Amino acid sequence: MDFNDVVTQHAKSCAALGADVYIVGVLITSSGYDEDTAAKSVGVRASCLTKSRQHSQSRRLDVIEERLGIVGNWGRAGMIEIRRLKEKHEADLCAQMMANSEPWMTLSRDYDVLLKSVTGSSREVYLAILRDEVLGFVMINMHGAFVGYIQSICVASDWRNKGVGSQLMAFAENRIFSETPNAFLCVSSFNKSAQRLYKKLGYKVIGKLKDFIVSGHSEILMRKTISSLAEFKSK
């Protein structure tokens, strides 16, 4: 996947979240791509193009970093790599990242439990990496009752709200939809920001599990679908 492909994929993810996608067109231009062609490829509105041209050349990279932080880092330091978890220390890092974050703290999931989850043989764990730093990860289960289940997604505290989670979600969906038309996930009832994100990405509530992990909170089961199973298998 070349630079243009990565930026285009990120732009589409940001568009789904209502972010300032037009800034991506500026970044592509700074790397030698035509702004109008780049904007068309990611579906940027003409009004957004007008906004992007108001920024002077000297301010372009600063604006990119301000609006889409992670994209600015792609432009200056290379692309984010999303790859399969390989080493034990990477699993340790993922478990520690969850243990120190919500919703896992409220759900009373400690490091040992989370490490077992990360290293389970039925899970596929993919890391988002930039300059050898693990920015976050997504864990997928392609077996069991809910094939295509996004079990966990977590981003390091310093990299939240910079598009990393959107990239991981897009990657997970591409992986899932290559084999099955449905992506499933659970989100805790107290995790309102995650619920808003998943709804914007096209997930629909299909059920609630009351007091499932801890008393007083439900786990909300959500699904995103691209077709029925019958239609998918016939393609």
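The table for this structure:
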{"item": "In Å, descending, principal axis extents of the Cα set of the stretch 154-235", "result": "42, 32, 18"}
{"item": "Neighbour cut-off at most 15 other Cβ (10 Å), DSSP loop, GluC sites (Glu not before Pro), the stretch 166-235", "result": "E179"}
{"item": "The stretch 81-234: projected area of the alpha-carbon convex hull, averaged over directions, in nm²", "result": "9.1"}
{"item": "Calculated FRET value between H143 and K235, using beta carbons and R₀ = 25 Å, to 0.05", "result": "0.70"}
{"item": "DSSP-loop chymotrypsin sites (Phe, Trp or Tyr not before Pro) across the stretch 197-235, with at most 14 other Cβ within 10 angstrom", "result": "none"}
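A short reminder: the numbers here are calculations on the coordinates, not readings from a lab. Owing to the predicted nature of the structure, the values given are computational and were not obtained by experimental measurement. Positions of Cβ are generated from backbone atoms using ideal geometry, with glycine treated the same way; all protein chains shown enter the neighbour counts.
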